[in-house]
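K.L.:
I'd like to ask some things about the structure below.
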Amino acid sequence: MLDQYKTVAGYGEDEIVIERSRFIGYAQRATTEEEAVAFINMIKKKHWDATHNCSAFVIGENDQIQRSSDDGEPSGTAGKPILECIKKNGLKDTVVVVTRYFGGIKLGAGGLVRAYTAGTVTGLQAAGIVAHLLHQEISVTVDYHWWGKVENELRLLNSRVADTIYTDKVTVLIHVLHGEEDAFVLRMTDLTNGQAEISRGEKLYIEVPIDAVGDTDAED
């Protein structure tokens, strides 16, 4: 599993006008090729009267599935720029469609690359970007005698507490950032003089909002 990766927060839609042509950028999260294709087809159906519905998607932990479509634009001027914009922003499990309504002014190959890149950025910014950070679930069980110290320490550490269970003892489930597990276990052990029962559970990703899309330095 990756320590972290970026993807879109969800659905996004926005548009820009370039030389009288409307470019509507759509972005969505997709974890399978089938989901990405279904999203593309939905946008195509919505904009059946558009001049072009160009698209691209990147799927998988290692970007193993990558597809793009120029949808009638000159080869390499639409689908590829969309795909490169997704990749240069480090996004995974992301599909983008840029719909164009032709405004009467031809943009040329370089102009089309820049326009479809800008349309992609517009859609991604509307969707928002999140980081998925890998965490380790750790269970700490202590007698009530130690609970006050443990609770206070978790508060000081600003720990991600998933659940607290009160029975004859107290069990707290914490999500610890990957790479910090050993230090956390040692801290809990020292804090309780070795009296805590500590175990590790599953690994999971937690979403964290981050800044939106950066420059892509698209080439003509």
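K.L.:
Tally up the residues in the stretch 33-45 that are open to solvent by 50 Å² or more (accessible area, probe 1.4 Å) and either assigned to a loop (DSSP other than H, G, I, E, B) or within 15 Å of Asp71 (Cβ to Cβ) (or both), please. Show your work before the answer.
P.N.:
Residues of the stretch 33-45 open to solvent by 50 Å² or more (accessible area, probe 1.4 Å): 33-35, 37-38, 41-42, 44-45.
Among the residues that remain, those that are also either assigned to a loop (DSSP other than H, G, I, E, B) or within 15 Å of Asp71 (Cβ to Cβ) (or both) are: 37, 41-42, 44-45.
So the count comes out to 5.
K.L.:
Out of Ala115, Ala109, Ala50, report the one residue that is over 30 Å from Glu207 (Cα atoms), among the aliphatic types (A, V, I, L, M) and in a loop (DSSP other than H, G, I, E, B).
P.N.:
Exactly one of Ala115, Ala109, Ala50 is over 30 Å from Glu207 (Cα atoms), among the aliphatic types (A, V, I, L, M) and in a loop (DSSP other than H, G, I, E, B), namely Ala50.
K.L.:
Determine whether the stretch 64-77 contains at least one residue that is part of a strand (DSSP E or B), touching a residue at least 40 places away in the same chain (Cβ under 8 Å) and in contact with a Gly (Cβ under 9 Å, 6 or more places away or on another chain). Please lay out each step first, then the result.
P.N.:
Going through the stretch 64-77, the residues part of a strand (DSSP E or B) turn out to be 65-69.
Next, from what is left, pick out any that are touching a residue at least 40 places away in the same chain (Cβ under 8 Å): none.
Checking the stretch 64-77: not a single residue is part of a strand (DSSP E or B), touching a residue at least 40 places away in the same chain (Cβ under 8 Å) and in contact with a Gly (Cβ under 9 Å, 6 or more places away or on another chain).
K.L.:
Pick out the one residue from Ala183, Ala109, Ala115 that is small (Gly, Ala, Ser) and open to solvent by less than 30 Å² (accessible area, probe 1.4 Å).
P.N.:
Answer to the selection: Ala115.
K.L.:
Against the condition in contact (Cβ under 8 Å) with a residue 60 or more places away in the chain, open to solvent by less than 40 Å² (accessible area, probe 1.4 Å), of a type in the set (Val, Ile, Thr) and over 30 Å from Phe57 (Cβ atoms), how does Ile174 come out, does it pass?
P.N.:
Here the answer is no, as Ile174 does not meet what is asked.
K.L.:
Follow-up question, since we're still on this one. For the subset of the stretch 135-159 comprising residues that are at pLDDT below 95 and not in a helix (DSSP H, G or I), which member is least open to solvent (accessible area, probe 1.4 Å)?
P.N.:
Ser159
K.L.:
Would you point out the residue of the stretch 1-40, among those that are of a type in the set (Lys, Arg) and out of contact with any Leu (no Cβ under 6 Å at 6 or more places or on another chain), that is farthest from Gly119 (Cα to Cα)?
P.N.:
Within the stretch 1-40, the subset of a type in the set (Lys, Arg) is 6, 20, 22, 29.
Next, from what is left, pick out any that are out of contact with any Leu (no Cβ under 6 Å at 6 or more places or on another chain): 20, 22, 29.
On the way: Arg20: 14, Arg22: 9, Arg29: 17 Å.
The selected residue is Arg29.
Yes/no per residue for (1) farther than 20 Å from Gly103 by Cα; (2) of a type in the set (S, T, N, Q):
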{"position": "Ile24", "(1), (2)": "no, no"}
{"position": "Thr31", "(1), (2)": "yes, yes"}
{"position": "Lys44", "(1), (2)": "no, no"}
{"position": "Leu83", "(1), (2)": "yes, no"}
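K.L.:
Quick check: is even one residue across the stretch 46-58 closer than 24 Å to Ile210 by Cα, open to solvent by 60 Å² or more (accessible area, probe 1.4 Å) and out of contact with any Gly (no Cβ under 7 Å at 6 or more places or on another chain)? Write out each step before concluding.
P.N.:
Going residue by residue through the stretch 46-58, those that are closer than 24 Å to Ile210 by Cα are 56-58.
If we keep only those that are open to solvent by 60 Å² or more (accessible area, probe 1.4 Å) too, we end up with none.
No, because not a single residue in the stretch 46-58 is closer than 24 Å to Ile210 by Cα, open to solvent by 60 Å² or more (accessible area, probe 1.4 Å) and out of contact with any Gly (no Cβ under 7 Å at 6 or more places or on another chain).
The values are calculated or read from the model by the stated rules, or taken from the named source; none is laboratory data. Keep in mind that this is a model prediction, so the values were computed, not measured. Glycine gets a Cβ as well: all are built from the backbone with ideal geometry, and neighbour counts include every protein chain shown. When the accessible area is computed, the model is the full protein with side chains, heavy atoms only, and any ligands, DNA or RNA have been set aside. Shrake-Rupley method; radii C 1.70, N 1.55, O 1.52, S 1.80 Å.
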